Amino acid sequence: MSTNFDPRANYEQTRKQAGYVERKKAKQADYDHIGFMSGLEVHQQIKTKEKLFCHCPAGQFNKFDDYDAELIRHMRPTLSELGEYDGTALMEFKTKKEIVYRIKNGTACTYDIDDTPPFPINKEALHNAIVIALRSNLNIVGEVHITRKQYLDGSIPTGFQRTAIVGVEGLLKLPKKDIRLIQLSIEEDACREISDVGHRRVYQTDRLGVPLIETVTYPDCKNPDELKETCEYIRFLGRSTGLVRTGMGAGRQDVNVSCKGGTRIELKGVQHAKWIPELSHNECFRQWSLVQLQKRLNRELKKDGWKVTVTDVSFPTNYQPILDNKAKGGVMKLVKLPGFRGVLSTFTQPGKMFADEIADRLKVIACLERPNMLHDEMLEPVLTDSQWHKLGKKVHATADDALVLVWGPADDMPTAIETIEERCLMAFDGVPKETRKAISNGITIFERVLPGADRMYPDTDSAPIPLDPKEIEAMKKELPTEIIDRYYKLKEWNVPEDCFTYIFTKNWFPTMNDIVEKLGVDGRMLGCFVGMRLKNLLGKNHESRFGYDTLYKLFAFLKKEKLNYRLAWNMAPTLVEDASVDMKDVLRKIGFRRASEDTINKKLNKLMASYKPNKKTNAAANKRDWIMGQMHEAMGNIELKVLANNIK
């Protein structure tokens, strides 16, 4: 074995060969070069009183340690209608997981744990889903068919999810481009995962069965920023109807990404739209790096007949994970990867290399918690070159081979060795189809094999639901204005664009529009008040009851009392603290006193006459600022711009 190989130099070289650039420095030409293509599956919980297929309360959650019983299950695969096993189901079966469900009587029932058939679909949820589908410009289906989609990760006790398509083939008009929609479905949400350690995965059932809509787009986004804008638009659209839940966990999205020569990879459960650009950017370059690795492997090696060499090893070390494994009675294996010198340290993501692709799968499939392996191309070596050289002799390794040490329970070693060999063989074919878990730092890790055509769809146990065209027409009258129209209205009011996201996120626009049209308030001033002042105050007080009615009443009061609307900025803190306070009491609390324009002008003239210039400067701005600071009674009684212009 050669000791001249430099893993860090190889990592940097492969990073450069992949053409990786930081997202903030990337241009459209960079994405065009690697063939960036992406679409979304945006999930939003529907606001209903009950769950989708039972009468348990929806949106009522309890703490992880608050439960009445535990249910244990083991999932196993079954043949699909084509007589084949789904790869995802087989992978989950390999994990030998024990699935534990924590059940609270107040939030789950026998339907949730698959002991009774489903009730008829929640009509309120279906109605709300149709309204959102109509607002998404989708074509509503004539009949709703409830299907069952297999899930063996344990997130649903039945092993499948009930889902139904509501609308198909729509179009969203964003400010910069149009995005095509494939469909909108209504489905039941899954359990909340509490932990996943070793062969035991624990779930909470309070979220299980909550009605959910899934909006699926075509892969029309050609860069990460378009992807984020599309996600925000879809979420804003749902919120504009007032029919979806908001808050932590109520909305999340799966991001589908591919590159030229790659494949569709699903980034599962992205919690925040702001994470999307970094995640999609890194994922596309991860695939591009794997495509470059594929070319190298097929140029230098032959896949046919390629296999690993394995032997048992034991040697003195002070590396704690290995010592812990030995103390638990575990074993350790040395694996030779023939011809793979330079592969393990190949760049995949910032701070990640191909070896991490293997380690992640060992964690998920073989249930070996990380750290679960060492290799001879680590950037921060644990073993010395001399130790690796001695180990290499045990498997007759050459300078072209790579070495991996893996440890864990003896029963898990066959799966671990199979996983290592399988992932290495996949490298000859490029990018394996998989679902990956999004991490907040823009990195993704392996979660499971991506379901394919072999996925099982058990026969439905629910009757089809015909939709009345007359009822659909009636629903169209409930539709709010389109988000794109609201966007252009804010532009017309000349509201700063950095206020738009908050206004749309919290669905303030309908109330703002009423205030502008009915009360005659200046749109720009109102937009700044909501997008800056309220955003700041409500961001610090999440328990505040300040809502749409409070906002309207505030400006209606100012109009009725013939007070300047800028007074709202002073009144807002008190109302955010307690929205039930009478408006006149708010004025007294902030020390406001009415003053006539004549009184204000007299004080202004007096201040201008008494103003003494600073010895260092006599700038007009200093004079204006000093005088404006003395005119407290002007706020709410006169437009401050007018007052400032009167200072001479």
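The values are calculated or read from the model by the stated rules, or taken from the named source; none is laboratory data. Owing to the predicted nature of the structure, the values given are computational and were not obtained by experimental measurement. So basically every Cβ, Gly included, is an ideal-geometry build from the backbone, and we count neighbours across all protein chains shown. Just the protein is used for accessible areas: all its heavy atoms, side chains included, with ligands, DNA and RNA removed. Shrake-Rupley method; radii C 1.70, N 1.55, O 1.52, S 1.80 Å.
General remarks:
- At R0 = 30 Å, FRET efficiency that the Cβ-Cβ distance of Phe61 and Lys123 yields, to 0.05: 0.80
- The spacing between region 438-500 and region 198-271, judged by their C-alpha centroids, is 9 Å.
- Accessible area of region 87-241 belonging to carbon and sulfur atoms, whole % at 1.4 Å probe: 53 percent
- Bins of 20 Å, starting at 0 and running to the largest distance - Cα pair percent for the chain: 16, 40, 29, 13, 2
- Measuring with a 1.4 angstrom probe and ignoring ligands and nucleic acids, Thr147 comes out at about 60 Å² accessible.
- In the chain, the longest principal axis of the Cα atoms and the axis of helix 597-610 are about 80 degrees apart.
- Volume of the convex hull of region 262-376 (Cα atoms only), normalised per residue: 153 Å³.
- Over 19 Å [Cα-Cα, region 441-598], rounded percent: 67 percent
- Expressed as a fraction of 2.2 N^0.38 Å, the value expected for a compact globular protein of N residues, the C-alpha radius of gyration of region 523-599 is 1.09.
- Distance violations [Cα-Cα > 30 Å] among Lys352/Lys535; Lys433/Lys476; Lys25/Lys260; Lys491/Lys584; Lys27/Lys476: Lys352/Lys535; Lys433/Lys476; Lys491/Lys584; Lys27/Lys476
- A Stokes-Einstein calculation at 10 °C with viscosity 1.306 mPa s, built on the Kirkwood radius of region 74-165 over Cα pairs, returns a diffusion coefficient of 100 µm²/s.
- Folded to 0 to 90 degrees: helix 276-300 orientation relative to the chain principal axis, Cα: 20 degrees
- Based on C-alpha pairs under 8 angstrom that are at least 6 apart in sequence, the chain has a relative contact order of 16 percent.
- Proximal charge balance of Ile186 [Cβ under 15 Å; K/R count +1, D/E count -1]: 0
- Share of carbon and sulfur in the accessible heavy-atom surface of region 354-464 [1.4 Å probe, %]: 52 percent
- Cα-based Rg and Dmax for region 1-90, where Dmax is the largest Cα-Cα distance (Å): 25.0, 67
- Length released on extending from Asn564 to Asp400, taking residue separation times 0.36 nm less the Cα-Cα span: 51.1 nm
- The Rg/Rh ratio for region 169-289 is 0.99, where Rg is the radius of gyration of the alpha carbons and Rh is the Kirkwood radius.
- Residue among Val216, His389, Tyr488 farthest towards the positive dipole end of the chain, charges placed on Cβ: Tyr488
- With Cα atoms, 0 to 90° folded angle of helix 509-519 axis to the chain main axis: 10 degrees
- In this structure Glu497 has an accessible area near 100 Å², from a 1.4 Å probe over the protein heavy atoms.
- Per-residue SASA remark: Asp485, around 90 Å² accessible (1.4 Å probe; ligands, DNA and RNA not included).
- FRET efficiency estimate (nearest 0.05) - Cβ-Cβ, Ser440 to Ile194, R0 22 angstrom: 0.70
- Region 500-554, accessible area per residue, ligands and nucleic acids excluded (1.4 Å, Å²): 49 Å²
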